[in-house]
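What follows is a short report on a single structure.
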Amino acid sequence: MNKKLIEGFSKKTKEEKLDWVAQCFLDNDPEVRKLLLTYWHEDVALQKLHDEFSENTLSNFYMPFAIAPNFLINDEPYVLPMVIEESSVVAAACKSAKFWLERGGFKTHVQSIRKPGQVHFLMHTTISRLEKFFKQVLEERLFKGTEEITKSMRARGGGILEITLKDKSVELSDYFQIEAIFDTCDAMGANFINSCLEQFTQILKWEVAASDHFDEEEKNSLQVIMCILSNYTPECIAHAEMSCQIKVLEDDFGMTAKEFASKFHRATDIAVCEPYRSVTHNKGIMNGVAAVAIATGNDFRAIEACAHAYACKSGRYTSLTNFELKDDLFRFWIDLPIAVGTVGGLTTLHPLVRLSLRMLGNPSAKKLMEIIAVSGLAQNFAALSSLITNGIQQGHMKMHLLNILNKLGATDAEKNYFVNFFKDKTVSHHLVLKEWKKLKS
Ligand code: MEV
């Protein structure tokens, strides 16, 4: 076998895996081992915990763990934990938080936490025959047959809220769904939902086989294709908003509050009607959303996928935020579908996730949804404010300066020199190099 291909890799020890990759793909470079080992935690138990979060772990991959203070949410102060590699995101969050702190802060609420999941099946029958069977037999059996699984969730106030049969045979012939809506309380609930759906699958097969609603041909045609929760949760919505009279918007924007509000309005209109802009606009929102989601141990891929699908709910990709300027009231808000958990998963296992949640006052899932929506909205406000005034490069490059200097191997004294040098200038790669050469000559 080609030595770059391997069997039974996952059974090998960490050392063996490391040696293999170094040998086969990294020219046996001794620095590789050294580098990977540098990132191992000296506390063996803690390293083992991290290794076991995933499979085939070689080392840890550091990301900055930062905080953004001064968020006032429903009149309560918060400090937001943020894990992100993009230098200007935390600065933008801080700037936005401070700006709105002086203007009433953010107001939030959760509309609902309903999460769907589906059993996707094919059956050569009609919707009317299936509906009769569903109403007379199946619906009740699905609830009853999952009582063991749902017991503790029901004790916490959640469980299966409703189960429906859906006709999808127009989209795909013989295709139907059993869709259930779940309330998973403070858990993200993926395992709970998927366990219920797998049990539904068994019950569906048993009940169809035992039913006299169908003839033998129909029974034999039943094929369960799959069952899985949906990461599209358009009813699991957190609302966050900020508002103030435009006269109190006055800041150092370099224009009057009225001009700022009007330009901001147009920028949001463009994000609504022009998908090329909407995507970047929403990407900026996700900068804030994903950073808090990662810090709190939540599945940011699910959150991203859902947010972008929701941005298309009208049939056209559009902005996730909304703006209104009425009677001199500047109002900016987001309704973000977001499924998160504050119990289960990584939340109790990862020490820094535990710390993040503690920093946020050990919030319920609903509260965390609100906080994450605020983080996205604040980020969008900061981005738009920069874009319509000085542009983003000024702030962005200031933050990026340290990355450029680190690449050049600058000392702390040299970094201080450059920070001072750029106090009244816009940072550019070109100018840094020019000044660096001068300094070094
Ligand atoms: C960069 O990560 C995010 C922005 O491009 C967002 C935006 O344009 O609204 C600044």
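The values are calculated or read from the model by the stated rules, or taken from the named source; none is laboratory data. Just so it is clear, the model here is predicted, and its values are computed rather than measured. Quick reminder, even Gly has a Cβ in these numbers, built from the backbone with ideal geometry, and neighbours come from all protein chains shown.
Some points to look at:
- Residue among 325, 352 that is of a type outside the set (Ser, Thr, Tyr) and more than 22 Å from residue 285 (Cβ to Cβ): 352
- Helices (runs of 4 or more DSSP H) (entirely within the range 345-441) containing at least 3 residues that are more than 20 Å from the chain's Cα centre (by Cα), aromatic (Phe, Trp, Tyr) and at negative phi: 412-421
- Whenever a residue of the range 366-394 is within 14 Å of the ligand (Cβ to nearest atom), its partners that are in a helix (DSSP H, G or I) and among the charged types (D, E, K, R), lying with C-beta atoms within less than 7 angstrom and at least six residues away or across chains, give the pairs 382/95; 388/263.
- Applying the criterion of being within 11 Å of the ligand (Cβ to nearest atom), surrounded by 16 or more Cβ atoms within 10 Å (Cβ to Cβ) and not polar (S, T, N, Q) to the residues of the range 244-276, the residue that is farthest from residue 311 (Cα to Cα) is 267.
- Meets criteria (buried (at least 21 other Cβ atoms within 10 Å of the Cβ) and under 19 Å from residue 187 (Cα atoms)) for residue 341: yes
- Set 235, 217, 198, 241: member being touching a residue at least 60 places away in the same chain (Cβ under 8 Å), closer than 25 Å to residue 123 by Cβ and charged (D, E, K, R): 217
- Taking the conditions (1) in contact with a Phe, Trp or Tyr (Cβ under 7 Å, 6 or more places away or on another chain); (2) among the polar types (S, T, N, Q); (3) without any contact (Cβ under 8 Å) to a residue 12 or more places away in the chain in turn, residue 441 satisfies each one other than (1).
- Of the residues making up the range 170-201, those that are more than 30 Å from residue 294 (Cα to Cα), surrounded by fewer than 17 Cβ atoms within 10 Å (Cβ to Cβ) and either in contact with a helix residue (DSSP H, G or I) (Cβ under 9 Å, 6 or more places away or on another chain) or at pLDDT below 95 (or both) number 1.
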